[in-house]
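Here's the structure we're looking at; comments come further down.
Throughout, read-outs are computed from the coordinates displayed, never taken from laboratory work. Computed from a predicted model, the values in this text were never measured in an experiment. No Cβ is skipped: glycine too gets one built from the backbone with ideal geometry, and neighbour counts run over all protein chains shown.
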Amino acid sequence: MLIAPADGFADPPGLAVREDVLDAVGGPEPVFAGALAELVARIEAAGHAVEVRNDRAPVRRPTPGRLAREGAARLWLFRRDAERFPLPRPREVGWRFPFMAVGALRANGLPTRG
């Protein structure tokens, strides 16, 4: 079961996966952001059904740090599957773009704090 993201972030705010499905596809990747979106893609690619719910979830505030991680996640997801995870255009993310761009630059090889 997946709670669809409604706040502009790639990762869903809620995800429940059966243990046998996790055993079949593996768990989420050890990254700061984007792992749950990529896990859902692997679950669907393995032929398992994903139930999407439009339940209300707590709003995740778009702080500069979260947006930088989101930018890194979007670039990481794009590199894994460009068709499924296209990069957002600046108009689509508006004022969030500079923060996301910084995150993408860091993901592209600039040193980051662990």
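Within 10 Å of each candidate Cβ there may be at most 13 other Cβ atoms; applying that plus a DSSP loop requirement, which GluC sites (Glu not before Pro) in the range 1-93 survive? Display every interim value, and only then the final one.
On the way: sites: Glu19, Glu38, Glu44, Glu51, Glu70, Glu83, Glu92; in loops: Glu51, Glu83.
Counting only loop positions with at most 13 other Cβ atoms within 10 Å, the GluC sites (Glu not before Pro) in the range 1-93 are Glu51, Glu83.
What FRET efficiency do you get for Ala101 and Val31 if R0 is 22 Å and r is their Cβ-Cβ distance, rounded to the nearest 0.05?
On the way: r = 18 Å, r/R0 = 0.83.
Once the sixth-power term is evaluated, E becomes 0.75.
7 Å from Cα along Cα→Cβ at both Arg89 and Leu15: what's the point-to-point distance in nm?
Computed distance between label sites Arg89 and Leu15 equals 2.8 nm.
Where the convex hull is taken over the Cα atoms of the chain, what is its projected area averaged over directions, in nm²?
Values: hull surface 30.3 nm².
For the chain, averaging the hull's shadow over all directions gives 7.6 nm².
Counting other C-beta atoms within 10 Å, and keeping those with at most 12, which DSSP coil trypsin sites (Lys or Arg not before Pro) do you find in the range 1-65?
Qualifying residues, ordered by number: Arg18, Arg56.
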